[in-house]
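The values are calculated or read from the model by the stated rules, or taken from the named source; none is laboratory data. In this text the structure is predicted, and so the values were computed from the model without any measurement. So basically every Cβ, Gly included, is an ideal-geometry build from the backbone, and we count neighbours across all protein chains shown. Side chains are part of the model used for accessible areas, which takes the heavy atoms of the whole protein and leaves out ligands, DNA and RNA. Shrake-Rupley method; radii C 1.70, N 1.55, O 1.52, S 1.80 Å.
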Amino acid sequence: MTEDDLPEVVGLYERVFRRGATGSARPVGEYLREILFGNPWLDEALPSLVYEDAPGRIVGSLGVMPRDMILEGRPIRAAISHTFMVQPGSRTNLAALALARAFVTGSQDLSLAEGGGPSRRILERFGGSTSLLLSLRWTRPLRPSRHVLSILKRRGLATVLSWACEPLCRAVDTLVPLLMREPARLARPRRAGDDLGTDELLECLARMTADRSLRPVYERDALDWLLRLLAGRRDRGLFRRVAVRDAAGEILGWYLYYLKPGGISEVVQIGARKTFMEEVLDHLFDDAWRGGALAVSGQMDPAAFQALASKGSIFHHDGASWFLVHSRNPGVLAAIHRAEAFVTRLEGEWCIGP
C-alpha cells in the first residue's frame, strides 16, 4: 500500500462497513491516514497491504503496524494487523488468503491479529495459532441487575419491558452492597490514585513487566501518540490513565481504561507490582463504580487470574473475536502459549482499528 492508494482504501472501508466516520467521530480518510501512514513505527520493510483485481482496482486491504518487543532480553519486531477488509464478491476468499499469506510471510518475528472464525481459519491455514488464554475476557459486574438488563436489551428485549424493569433493577443494585459480602460487594480501595503520566507509564512497563519472557518496549513519543489515539475514541467513553500509589507516593500499579457511565467500561491495560494486583483492581472497580459504569471488562492476563477471580470477576469468551499469533520462532510462541508474555490491548488490534 502506498499513500496514493488511500482514496481507494477509504472507499473500500465505506463499502464494507457502510459508514463514513470512525469511532473517534473523525472522517474515515483522516483516521486511516494517521494509523496507516502517520504512526511512529512506520517501516518500509513492513508495509500495509492491498489486493488488486485484474483491472487494477483495490478490492482488499490489510493494515500493518510494526511494534518493538523484547524476548528474553533480545529485541524483536512484531507486526499487528488491523482494518482487514475485502470487497464482497466472487473472489473474496482469494483476496483474503493472499493478504493473510503476504502478512505472515513478512520480515517480522511475530504477527498478531484479532478476528472471528474466518480469520482464525485463514491464519491457522498458514501456520498460525490461537491463544485461547488471551482470547478470554473477564468482566466484573458493578451494578449486576442493570448489567444483566443491558445485555438483554442488546439481545432484543422490548423497550417497554426494559423501562418496566429499570426501577426494580436499580433497587436491587442499591441493596446488593448492603446485604452481600466480598467478592459480590466492592471493597473500598486502601490506596490513592491519580493521573498517570507518559513517563511514569514507561517506567511501569519497564520495571513491572521485567519478569515476563516477552514484553513490549516503547519510546516516549510513540507511546504518547498511541495514548492520544486512544483518548480520541470518545465512542468508548472517557479515557482514563490512573496510577495507584502507596502513602509515600510510590507507584504500586496502574490501569488504562474507558469510563462509560451506564455501560461497560473497557480496560486497555492493567499492571502491578507483585502482590499488589488486588489493590489496583479495588481502585479500578471503585473508580468505575463512582463514574456510573455498570461493569468493567478487559482482556485476560493469566498473571492476574487469581486476583481477578478473588474480586468477583467472571471469565468468558465473547464468541466473536480470537487472539491470533504467528511466528517462526518457537521461543516467541512458547512465551505466549505458556502465559509468559505481557501482551495487552495496547499491543493489539483492539486499540488501533477505526
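Side notes on the structure shown:
- Qualifying residue in the range 133-150 (condition: of a type in the set (S, T, N, Q), in contact with a Gly (Cβ under 7 Å, 6 or more places away or on another chain) and under 26 Å from A79 (Cβ atoms)): no
- Any hit, the range 309-317, residues being among the β-branched types (V, I, T), surrounded by fewer than 22 Cβ atoms within 10 Å (Cβ to Cβ) and not in a helix (DSSP H, G or I): yes
- Cβ pairs under 8 Å, 6+ apart, first in the range 233-254 and in a helix (DSSP H, G or I), second open to solvent by 30 Å² or more (accessible area, probe 1.4 Å): R234/A25; D235/A25; R236/K260; R236/E266
- Matching residues in the range 268-288 - criterion: being more than 17 Å from the chain's Cα centre (by Cα) and in a strand (DSSP E or B): A272
- Condition check for G56 on (1) on the phi < 0 side of the Ramachandran plot; (2) open to solvent by less than 50 Å² (accessible area, probe 1.4 Å); (3) not in a strand (DSSP E or B): one failure, at (1).
- Test for S265: is it within 20 Å of the chain's Cα centre (by Cα), buried (at least 20 other Cβ atoms within 10 Å of the Cβ) and free of Cβ contacts under 8 Å to residues at least 40 places away in the same chain: yes
Okay, residues lined up against (1) touching a Cys at 6+ places or on another chain (Cβ under 9 Å); (2) surrounded by fewer than 23 Cβ atoms within 10 Å (Cβ to Cβ); (3) modelled with pLDDT of 95 or more:
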{"residue": "R241", "(1), (2), (3)": "no, yes, yes"}
{"residue": "G253", "(1), (2), (3)": "yes, no, yes"}
{"residue": "K260", "(1), (2), (3)": "no, yes, yes"}
{"residue": "E279", "(1), (2), (3)": "no, yes, yes"}
{"residue": "D282", "(1), (2), (3)": "no, yes, yes"}
{"residue": "D287", "(1), (2), (3)": "no, yes, yes"}
{"residue": "G291", "(1), (2), (3)": "no, yes, yes"}
{"residue": "V296", "(1), (2), (3)": "no, no, yes"}
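- Restricted to the range 107-220, the set of strands (runs of 3 or more DSSP E) holding at least 1 residues that are small (G, A, S), open to solvent by less than 30 Å² (accessible area, probe 1.4 Å) and touching a residue at least 12 places away in the same chain (Cβ under 8 Å) comprises 110-115, 129-131.
- Here A102 fulfils each of the conditions (1) part of a helix (DSSP H, G or I); (2) under 14 Å from P354 (Cβ atoms); (3) in contact with a Leu (Cβ under 6 Å, 6 or more places away or on another chain) apart from (2).
- The number of residues in the range 75-91 that are open to solvent by 10 Å² or more (accessible area, probe 1.4 Å), touching a helix residue (DSSP H, G or I) at 6+ places or on another chain (Cβ under 9 Å) and either of a type in the set (A, V, I, L, M, F, W, C) or free of Cβ contacts under 8 Å to residues at least 12 places away in the same chain (or both) comes to 3.
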